[in-house]
Protein chains: 2
Amino acid sequence: MLSKKAKYGLQATIYLAKVERKKNGPVQIAELAAHEKIPKKFLEIILLELRKHGILHSKLGAGGGYSMGKSVDKITIGQIVRILDGPIASISCVSKTAYRKCDECKDEKTCEIRKIWKKVYDSTVKILDGTTLADAMKK
Amino acid sequence: MLSKKAKYGLQATIYLAKVERKKNGPVQIAELAAHEKIPKKFLEIILLELRKHGILHSKLGAGGGYSMGKSVDKITIGQIVRILDGPIASISCVSKTAYRKCDECKDEKTCEIRKIWKKVYDSTVKILDGTTLADAMKK
DNA sequence: GTAAATTCTATTAAACTAATAGACAATATC
DNA sequence: GATATTGTCTATTAGTTTAATAGAATTTAC
């Protein structure tokens, strides 16, 4: 599942990237929340996490707000999802970034379930890590 | 996430399909649970659901147990996952079997997030619905 | 110094997951 | 037809996660 947290985070980041092209200066949480219909207090938490990971940049005080932390072609959808939702793998034994053996697994090499979910994982990661914010915003 | 429920269900079904080729007569829940290290009471619930959907067949009373409800090349991994975990789509607006519009969505056609998750969904469904139990058991 | 912002610390209701308990019903076998 | 064996049904529950909310603290522009 894509959680609401990750979905809100993606919405807000995409909106921010779009606005930044027109305007200069940061965008306030209140504006982001209102425009994307996201509960403001929940959005605060989300933006803070994205900031801690360098995706966004914030400025405190009056006239402050959020702006992009790096170039939109350096940020992938996969990065944002991992920050907000954790590992992409839907079963830990196939994850690159958060590998963990299954408790009951006898032999990972012959596990039919692993084989199938490895395929799902590979194709998902290819899409999410292969799409930058810049790509997502095109057209 | 692939829940433990779906994972257990897949394990049990694959084991059952394998055993059935050698033995004739049903396999007991207790044996399935022991062999696959699945909590027995939890497995009961899982097998019951698979039976209700025709994947498995059960026989009551002494000498009873579970057997396959249909041919292994007529059962897909996707079917089993949907029965035990619900819709495969990680965001409802891309689902074929459980479509639902997002609350805050203004225009589905231009939604960047939907576009990306549609790709993920399509490739996942292609794998899960394109793999039968017979395929999974090969080699 | 005051208003406008983000940040930090806590708390919480509701839903979901994974499991357990125990009574009930059906069937084979003796 | 009594008994042991096996699946079925109804209920309950501990723990975790999700999605939020509340309020005080901090930083900055003017």
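Rule-based calculations on the coordinates, nothing more; no lab input. For clarity, every value in this text was computed on a predicted model and none was experimentally measured. Every residue, glycine as well, gets a Cβ built from its backbone with ideal geometry; the counts of neighbours run over all protein chains shown.
Here are the numbers for the structure shown:
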item	result
Relative pair counts by distance (%), Cα atoms of chain A, 5 Å bins	2, 9, 18, 19, 16, 11, 8, 7, 5, 3, 1, 0
Within 10 Å of each Cβ in A:54-63, the average number of Cβ atoms from other chains	0
Average partner coverage of B:112-124, which counts Cβ from other chains inside 10 Å	6
Relative contact order of region B:77-137, defined on C-alpha pairs under 8 angstrom at six or more residues apart (%)	40
Shielding of A:92-99 by partner chains, average beta-carbon count, 10 Å	0
Cα long-axis angle, helix B:4-22 against chain B (0 to 90 degrees, to the nearest 10)	40
Fraction of alpha-carbon pairs over 32 Å apart in the protein assembly as shown - percent	37
Calculated label separations, residue B:41, copies of the chain, 7 Å along the beta-carbon direction, nm	3.8
Axis-nearest residue of B (beta carbon) for the B-onto-A rotation, whole Å	B:123, 2
Inter-copy spacing of residue A:23 label points, which lie 7 Å from Cα along Cα→Cβ, given in nm from shortest upward	6.8
Alpha-carbon centroids, region B:100-139 and region B:1-49: separation in whole Å	27
Region B:4-68: radius of gyration over Cα atoms, expressed as a fraction of 2.2 N^0.38 Å	0.98
Charge dipole (the protein assembly as shown, unit charges on Cβ, about Cα centre) - positive-most of A:116, B:32, A:84	A:116
Over 31 Å (Cα to Cα) - which of A:106/B:23; B:40/B:101; A:5/B:126; A:138/B:74; A:4/A:118; A:52/A:106 fall in this group	B:40/B:101; A:138/B:74; A:52/A:106
On Cα atoms only, tilt of B:40-52 relative to the major axis of chain B in degrees	70
Ranked by how many other beta carbons lie within 10 Å on average, peptides B:22-28, A:84-90 from highest	A:84-90, B:22-28
Where no second cysteine Cβ lies under 4.7 Å, the cysteines concerned in the protein assembly as shown	A:93, A:111, B:93, B:111
The protein assembly as shown: calculated mean residue ellipticity at 222 nm from DSSP helix runs of at least 4, using -39500 (n - 2.57)	-16500 deg cm²/dmol
